[in-house]
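This report concerns only the one structure given below.
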Amino acid sequence: MTTLIDRYPNAKDPASPLDIHPVTGRIGAEIRGVQLSGDLDAETVRAIEAALVRHKVIFFRGQQHLDNAEHEAFAALFGDPVAHPTVPVAEGSRYLLDLDSKEGYAASSWHTDVTFVDAYPKGSILRAITVPEAGGDTVWANAETAYEGLPEPLRQLVNNLWALHTNDYDYAAQFGVAKDAPQSVHDRQKFQRNVFASTIYETEHPVVRVHPVSGQRSLLLGHFVRNFLGLNQQDSARLYNVLQDHVTREENVVRWRWQAGDVAFWDNRSTQHRAVADFALQRRTLRRATVNGDAPVGIDGRVSRTTRKEVAADRQSA
């Protein structure tokens, strides 16, 4: 039987009161005519949350009026805003993460935010402050249509598979940092190890999580995956690449060309994303709020669990 997800998974909900314009056939929609703030009425908040679950990532242009306080107040309408577990908050904020990239450095690797903890954020809200004249786009992938599109033998394999996620890995290898890269890039790599992984987390997640609102199944992967439980490193790497390729197929992806004042709000429970590091020496400054989530539940009802959390005493000398 043909389902909506086969025909047009990113179809607009005709019952929504919002002015919604889907960007691609499978993921992403722009919402027009809404000025974001912490004072939105309850009906608008419910409609935005429904659009978020349906379209996976939603975009708002022209939100230059937002400052740190209003950004945080808007995020609080959707749950409890939380700071990053290891990185200090942006100056002048309570919860915001500062993403200030230059000389081509950005989180240019596919990931879902903070999956190295058990109850990772349900949503992230990214606000563009300074954007490159060219380059620096962000891309998102729909992990639900990726699961739906798996061949049946692969789907049966992943339905009962679990993975270990961690923030402790080889940052140079992960982000392709060459030995002759600019010093600022190496400084950033050192920051990643000394600050981002100042406390080491290891968490076991199901590879297929069930969305707590829609009940849809999605692939839970991204660059925090170290290995699949029960498989060695080599077999894990091969299988990871096969599955990840399904997630990031062009049919499952939307690309957003930032303008200053744009806001992107994504469902962190059903997507992956990456920044495109093609902006050379141009400045790219964004700030992100995250909303607290719940621990994923697999098809069999088992819940994710953190198995390791400890301060990494050696980081400062790394």
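The values are calculated or read from the model by the stated rules, or taken from the named source; none is laboratory data. As the structure is a prediction and not an experimental result, all values here were calculated from the model. All Cβ positions, glycine included, derive from the backbone under ideal geometry; neighbour counts span all protein chains shown. Calculation scope for accessible area: heavy atoms of the full protein, side chains included, ligands and nucleic acids excluded. Shrake-Rupley method; radii C 1.70, N 1.55, O 1.52, S 1.80 Å.
Just the number, please: Stokes-Einstein D of segment 194-247 in µm²/s, Kirkwood Rh from C-alpha pairs, 4 °C, 1.567 mPa s.
Approximately 101 µm²/s, per Stokes-Einstein.
Can you quote the Å³ per residue value for the convex hull of the Cα atoms in segment 214-315, rounded to an integer?
That works out to 212 Å³ per residue.
Quick one: how many lysine pairs does the chain have with C-alpha atoms less than 22 Å apart and a gap of 8 or more or different chains? Give me the count, please.
8
Could you go through segment 208-214 in sequence order and give the Karplus-derived ³J(HN,Hα) for each residue, using 6.51 cos²θ - 1.76 cosθ + 1.60 with θ = phi - 60°, rounded to whole Hz, and x for Gly and Pro?
With the stated coefficients, segment 208-214 comes to 10, 9, 9, 5, x, 9, 8 Hz.
Calculate, for segment 3-85, the solvent-accessible area per residue in square angstrom, rolling a 1.4 angstrom probe over the heavy atoms of the protein chains.
In whole numbers, segment 3-85 has 46 Å² accessible per residue.
May I have the pair-distance distribution P(r) for segment 19-164, computed from all Cα-Cα distances with 10 Å bins from 0 and rounded to whole percent?
The distribution over segment 19-164 is 9, 32, 38, 17, 4, 0, given as percents.
For the chain, with the dipole built from +1 on Lys and Arg beta-carbon atoms and -1 on Asp and Glu ones, taken about the Cα centre, which of Leu231, Ala264, Ser108 lies farthest toward the positive end?
My answer, from the dipole projection, is Leu231.
May I ask you to give the percent of accessible area on segment 1-155 that is carbon plus sulfur, with a probe radius of 1.4 Å?
C and S fraction of accessible area: 49 percent.
Which whole-percent values make up P(r) of segment 1-83 when all C-alpha to C-alpha distances are grouped in 10 Å steps starting at zero?
17, 46, 28, 8, 1
Enumerate the calculated ³J(HN,Hα) couplings along segment 235-252 in order (Karplus 6.51 cos²θ - 1.76 cosθ + 1.60, θ = phi - 60°), each rounded to whole Hz, writing x wherever the residue is Gly or Pro.
Per residue, the Karplus-derived 3J(HN,Hα) values read 5, 4, 4, 5, 5, 4, 4, 4, 5, 5, 4, 5, 5, 9, 4, 4, 5, 9 Hz.
Using a simple spin-label model with points 7 Å from Cα along the Cα→Cβ vector, what separation in nm is obtained for Glu91 and Ser16?
3.8 nm
In a Debye calculation with equal point scatterers on the alpha-carbon sites of segment 82-143 and no solvent, what is log10 I(q)/I(0) at q = 0.20, 0.30 Å⁻¹?
-1.04, -1.52
Which distance in nm do the two modelled labels at His65 and Arg46 give, with both placed 7 Å along the Cα-to-Cβ direction?
2.4 nm
Kirkwood-based Rg over Rh for the chain (C-alpha set), two decimals?
0.94
Quick one: Karplus J couplings for segment 66-80, per residue in order, coefficients 6.51, -1.76, 1.60, θ = phi - 60°, nearest Hz, x for Gly and Pro?
Along segment 66-80, the couplings run 5, 10, 4, 5, 5, 4, 5, 5, 5, 4, 5, 5, 10, x, 8 Hz.
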